[in-house]
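Below you'll find the structure, written out as structure tokens, and then a few comments.
Here, each number is a calculation from the coordinates, and none is a lab measurement. Note that this is a predicted model, so its numbers are computed, not measured. Please note: Cβ atoms are built from the backbone with ideal geometry, for glycine as well, and neighbour counts cover all protein chains shown.
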Amino acid sequence: MADISRLAQPLTLPCGVTLPNRIVKAALTEGLSDGTNAANDRFVTLYRTWGGRGRDADHGNVLLDRFHLERGGNLAVEGQQSNASLDKLAEMASAARAHSARIVVQLNHAGRQTQRQPSTNGRTRRPTSLSRWATADLGNLFPQR
């Protein structure tokens, strides 16, 4: 029988964050957004559930471009966010951390995975150069409150 005791040992990530154990939920696409691709109460409930189940890090799949969705219902943050949108994103993060869970958001661009159907207004664009996103100042996307 395999020794699984290592799963209970702490793990330090390259960014310096230490997780109390090695059981984490991988990033996935939830598909819970409405036509605006904004965070909503469904995300808050889901992240509260994940955070309360003893997960040490929750990963969400957040797209940076509403015109390049990987599927319908993707959560997308593009450009300046409204106060209501920022409040819902903050509520989502607080829900995930309610039981001391950590949350790491995976920022994505669907690129060539973009399908015509889930794209906003049925429009698609050519794949965006990675350098555009690599050089973007993503720190301004999620301002500190």
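Applied to the stretch 47-52, the Karplus parametrisation 6.51 cos²θ - 1.76 cosθ + 1.60 on θ = phi - 60° returns per-residue 3J(HN,Hα) values of 5, 5, 5, 4, x, x Hz, with x for Gly and Pro.
Here Ser100 and Leu7 are evaluated by their C-beta separation; at R0 = 22 Å the FRET efficiency comes out at 0.75. Label-to-label distance for His109 and Ala90 is 2.9 nm, based on points extended 7 Å past Cα in the beta-carbon direction. Between the amide H of Ile103 and those of Asp58, distances stay under 5 Å, these residues lying 5 or more places away or on another chain, with hydrogens modeled in the peptide plane.
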